[in-house]
1. Between SER26 and ASN7, what is 0.36 nm times their sequence separation minus the Cα-Cα distance? Round to one decimal in nm.
2. Taking R0 as 25 Å, what's the FRET efficiency between LYS117 and ASP18 from their Cβ-Cβ distance, rounded to 0.05?
3. Multiplying the sequence separation of TYR142 and LEU61 by 0.36 nm and subtracting their Cα-Cα distance, what value in nm do you get?
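Just so it is clear, none of the values below were taken in a lab; they were calculated from the coordinates. Given the structure is predicted, the values throughout are model-derived calculations rather than measurements. Don't worry about glycine lacking a Cβ; one is built from the backbone with ideal geometry, like all the others, and counts go over all protein chains shown.
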Amino acid sequence: MKLEYGNDQTVRASVGVDVPLSADWSMRLAGTATRADGRLTNVATGDEIDGNEYTGGRITLVGDAGPVEVEFFGQISKETGGVGELIPLDQNFDPLYDWDETYFDVPSEPEGQRDYKIAGLTLSGDLGGGYSWRSITGYQDYDEPE
């Protein structure tokens, strides 16, 4: 178990536990959560932007199924946050280039959510005579709602 505190009001907590299931099988459960305030300041409102929150969990299962070594993991995570729109300003705080100031009626903090799902399965075994085999299969799903 670990608890951290850092710059930009960042708080991170992590926990993991190993669980023996039998002489040949074990499982690990782990989770993490992070929250951070923004590192950027919206000069129009004075609000901090670019904050984010992240939560995730993972399960790993390792063992032997007869002559086959098995390692499976599944992981899910969710991240929420936004970086806003960076507009370069001159020394008078006027936008550089040809930025259209009517683009935003009200300055806001764009938010986004990203969901991840990942799974992997590795199977391996010994063929004898100095030869072995291994099969690695994975799955990944990423979703970023508009």
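1. Between SER26 and ASN7, full extension yields an extra 3.1 nm.
2. Values: r = 23 Å, r/R0 = 0.93.
Rounded to the nearest 0.05, the efficiency is 0.60.
3. Stretched fully, the TYR142-LEU61 segment lengthens by 26.9 nm.
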